Amino acid sequence: MLRAIIIDDEQKGINSIKLLIEKFVSNVKVVAETTEAKKGVQLIEDYKPEIVFLDINMPHMNGFELLRELKFRDFGLIFTTAHDEYGIQAIKNNALDYLLKPINHEDLIEAIERVKQKNKKNNLPDLSKLLQDLNSPNTTKIPLHVKDKVEYVNKTDIIRLESDSNYTNIYTTEGNKLMISKTLGDYETLLCNKDNTFMRVHQSHIINLKHVVKFTKDNGGLIITKDNYSVPLSKNKKDEFLKWLGV
């Protein structure tokens, strides 16, 4: 009997998977569930399950961020998502399974069977490799959920991002302003990595360093970007930015 944990910010998503498992899948038992990503980390560490169903899109901490928090990663991982979005190609490259919502029982059965076979052969994918790929500078495009569609935009075309409550406004080199229903924190995780292209310079601002045209010490520090916007520089980010500037 394989033990499974389901982590999804919507209870109906959890209930759907549980119902499908009970009806169509043998030798799998759901031992824990949660709608909170942080609690999901603790559940995985405590139960050390054989299978984890993990929603990619969750508030406060998405599925990829949750994986980074884990010490125990020796389980079969099946991602669940409502969109064919950022990260799916990396998931495919690492031979991991994902299910698009609404999930049908045939896809679920096939995904669980693949996990069972990998468990038997002791051949579970390396989740560390997945996390490295997600942060790769070679990932040139990111999906932006604009209204009822998804636009794929080159990271190099993004000048800056600005927080707008629970939304983020993204400004591009083509002069477009895109309002996205994700927080600035979500994009900090996605963009601000080791390639040092993007930097969160203020609580409300992330900038593409390649589109910085000027820096002035006015008002505690202002960064002028390619679209002629003055981005404030926070005190706790000043040293990091000046180091990049070579000052």
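The values are calculated or read from the model by the stated rules, or taken from the named source; none is laboratory data. Every value quoted in this text rests on a predicted model; they were computed, and no experiment measured them. Glycine gets a Cβ as well: all are built from the backbone with ideal geometry, and neighbour counts include every protein chain shown. Note: accessible area is taken over every heavy atom of the protein model, side chains too, but ligands, DNA and RNA are not part of it. Shrake-Rupley method; radii C 1.70, N 1.55, O 1.52, S 1.80 Å.
A few points about this structure:
- Of all the criteria given as (1) among the aliphatic types (A, V, I, L, M); (2) surrounded by fewer than 20 Cβ atoms within 10 Å (Cβ to Cβ); (3) touching a residue at least 12 places away in the same chain (Cβ under 8 Å), the one not satisfied by ILE88 is (3).
- Residue in region 8-24 that is assigned to a loop (DSSP other than H, G, I, E, B), modelled with pLDDT of 95 or more, of a type in the set (Asp, Glu) and surrounded by 18 or more Cβ atoms within 10 Å (Cβ to Cβ) present: yes
- Filtering ASN94, ASN62 for residues that are in contact (Cβ under 8 Å) with a residue 60 or more places away in the chain and not β-branched (Val, Ile, Thr) leaves a single hit, ASN62.
- Any pair with Cβ under 7 angstrom, 6 or more apart, that starts in region 31-54 at a residue that is within 14 Å of MET1 (Cα to Cα) and among the acidic types (Asp, Glu) and ends at one that is at pLDDT 95 or above and open to solvent by 60 Å² or more (accessible area, probe 1.4 Å): GLU50/ARG3
- Selected residue (criterion: farthest from VAL231 (Cα to Cα)) from residues of region 149-178 that are open to solvent by 90 Å² or more (accessible area, probe 1.4 Å) and part of a strand (DSSP E or B): LYS149
- Number of the exception - PRO102 against (1) modelled with pLDDT of 85 or more; (2) surrounded by 13 or more Cβ atoms within 10 Å (Cβ to Cβ): (2)
- So LYS237, is it among the basic types (Lys, Arg), at pLDDT below 95, open to solvent by 20 Å² or more (accessible area, probe 1.4 Å) and more than 25 Å from the chain's Cα centre (by Cα): no
- Single residue of region 9-51 satisfying the filter (acidic (Asp, Glu) and out of contact with any Pro (no Cβ under 9 Å at 6 or more places or on another chain)) that is nearest to ASN123 (Cα to Cα): GLU50
- Residues (open to solvent by 40 Å² or more (accessible area, probe 1.4 Å) and assigned to a strand (DSSP E or B)) located in region 179-212: MET179, ARG200, HIS202
- Enumeration of residues in region 26-48 that are assigned to a helix (DSSP H, G or I), β-branched (Val, Ile, Thr) and open to solvent by 50 Å² or more (accessible area, probe 1.4 Å): none
- Qualifying residue in region 53-63 (condition: assigned to a helix (DSSP H, G or I) and within 20 Å of the chain's Cα centre (by Cα)): yes
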